[in-house]
1. Residues of region 120-148 being part of a helix (DSSP H, G or I) and over 20 Å from residue 207 (Cα atoms), which ones?
2. Is region 89-106 home to any residue that is assigned to a strand (DSSP E or B), surrounded by fewer than 20 Cβ atoms within 10 Å (Cβ to Cβ) and at pLDDT 95 or above?
3. Out of all the residues in region 178-197, is one or more in contact (Cβ under 8 Å) with a residue 60 or more places away in the chain and buried (at least 20 other Cβ atoms within 10 Å of the Cβ)?
4. Tell me the residue from 74, 54 that is farther than 30 Å from residue 243 by Cα, surrounded by 15 or more Cβ atoms within 10 Å (Cβ to Cβ), out of contact with any helix residue (DSSP H, G or I) (no Cβ under 9 Å at 6 or more places or on another chain) and free of Cβ contacts under 8 Å to residues at least 40 places away in the same chain, please.
C-alpha cells in the first residue's frame with residue numbers, strides 16, 4: 001500500500017507537469033490544471049459524485065462565485081449546463097468546492113477564501129455544511145507566511161460555516177484546524193487552532209483522507225473507507241508547524 005500511495009502521487013505530479021508543458025498561460029492552462037485534479041478524484045471517489053467547474057445557485061437566483069471544481073451529488077440532483085464543462089449546481093446537492101491554483105501566494109489565498117465563502121453561504125442556508133479546499137501545485141510563499149494569511153483572512157472564529165477549511169500545496173505542506181487535543185478537524189469551530197503540516201511525500205494522501213472524512217464515505221457501516229489508508233497515516237510522516245506572533249519566515 002505504501003508503494004501504491006507513493007506511485008499515485010508521482011503519477012499525479014507527472015500529469016500536472018505534462019499538462020503545464022503543453023499549455024501556455026491563462027484560461028487554457030487553468031482548465032487543464034483543474035482536469036488533472038478531476039481525473040484523480042474520479043479514480044478514487046464514488047461514481048455517483050459529479051465533479052466539474054461551475055456556479056452554485058439557489059431557487060431565488062443567487063449565485064456563488066465561479067468554482068474550479070464542485071463536488072456534487074449527481075445521483076439525486078440535476079445540474080444545468082452552461083458553456084463547455086461548466087454547469088449550474090443547485091445548492092442542495094453540493095458536497096464541497098475546490099479551488100485549484102498553479103502557485104500559491106497571499107493574493108491567491110484571499111481569492112480562494114472569497115470564492116469558497118460565496119459557495120458555503122448558499123449551502124449553509126439549507127442546513128447542510130459543504131467543505132471548501134484550496135489546492136496548489138507549487139508555492140511562492142513559505143508555510144508560515146501562508147499560515148499567517150490563512151489565519152488572518154479567514155474569519156474562522158466569526159463564521160466557521162462559511163470559511164475555507166483546508167489549504168494543500170502538493171509536495172510541501174497543508175494547513176488545517178486542530179482542537180484542544182491536537183486532533184485534526186474537518187471544519188473550524190471556535191477555539192480551534194490553525195496549524196501547518198509539512199507533508200512532502202504524503203500531501204496527496206492527506207488531501208484524499210480529508211475528502212473521505214468530509215464526504216463521510218460510506219455513511220452507514222462499522223468500517224470507513226479511510227481505514228484502508230490510516231495504517232500509513234502516522235505522525236512520523238507529518239511534521240507540524242505553528243505561528244507564534246513573533247515568528248518570522
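1. Of everything in region 120-148, those that are part of a helix (DSSP H, G or I) and over 20 Å from residue 207 (Cα atoms) turn out to be 121, 122, 123, 124, 145, 148.
2. There is at least one residue in region 89-106 that is assigned to a strand (DSSP E or B), surrounded by fewer than 20 Cβ atoms within 10 Å (Cβ to Cβ) and at pLDDT 95 or above.
3. no
4. 54
The values are calculated or read from the model by the stated rules, or taken from the named source; none is laboratory data. Keep in mind it's a predicted model, so treat the numbers as computed, not measured. Counting neighbours? That spans all protein chains shown, and the Cβs are built from the backbone with ideal geometry, glycine included.
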